[in-house]
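Single-structure report; data block below.
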Amino acid sequence: CNIPLGLTNGLIKDEQFSSFSAYNNDFATYGAHRARLNLTAWPPGYRSRYSFSEETPWIRIDLQKELVITGIATQGYGDASVAEWVRSYRLMYADKQDFDYFKDNRGSLLVRAV
């Protein structure tokens, strides 16, 4: 299937996004709902509050139904003055409450370098 799920056009609502943290604890401004593709309004993306003493930041999107995902698109924060970026990420899925990592056909964790 080549039909987008709605991250760009708003079919996936802001309330379906959640995150571990947000820059300056300002979830309304920098929260996970800003992780949409091709944003044209400021701020240009999701920005976590990250320090090496905290857990790894995460974003959760509740798709509200079982779907087959055939592709993932990512893009940067969009502000060249912010020297922060993701070097790699892992995707997880959940059926009800139990989360698990996506794995390759050999059973190894699927990690994407960017």
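Structure data summary
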item: Per residue value of the accessible surface for the chain (all protein chains in place, 1.4 Å probe), Å²; result: 78 Å²
item: Helix-derived mean residue ellipticity, 222 nm - over the chain, DSSP H n ≥ 4, -39500 (n - 2.57), to 500; result: -500 deg cm²/dmol
item: Share of carbon and sulfur in the accessible heavy-atom surface of the chain [1.4 Å probe, %]; result: 51 percent
item: Average Cα contact separation per residue, the chain, under 8 Å, 6 or more apart, as relative contact order %; result: 19 percent
item: Straight-distance crosslink candidates among aspartates and glutamates, where the alpha carbon sits under 19 Å from LYS13 and sequence neighbours closer than 8 are dropped; result: ASP26, ASP62, GLU66
item: Inter-label distance for VAL111 and ASN9, nm, one decimal - labels placed 7 Å from Cα along Cα-to-Cβ; result: 3.6 nm
item: Per-residue HN-Hα couplings for the range 39-46 [Karplus 6.51, -1.76, 1.60; θ = phi - 60°; Hz; x = Gly/Pro]; result: 5, 10, 9, 7, x, x, x, 6
item: Order by protection proxy (mean Cβ within 10 Å, highest first), peptides 59-69, 32-42; result: 32-42, 59-69
item: Segment SER88-TYR101, extension gain: residue separation times 0.36 nm, minus the distance between their alpha carbons; result: 3.3 nm
item: Computed accessible area, SER88, all protein chains, 1.4 angstrom probe, square angstrom; result: 60 Å²
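The values are calculated or read from the model by the stated rules, or taken from the named source; none is laboratory data. Every value quoted in this text rests on a predicted model; they were computed, and no experiment measured them. Reconstructed Cβ throughout: ideal geometry from the backbone, glycine too, with neighbour counts over all protein chains shown. The area values use the complete protein model at the heavy-atom level, side chains included, leaving out ligands, DNA and RNA. Shrake-Rupley method; radii C 1.70, N 1.55, O 1.52, S 1.80 Å.
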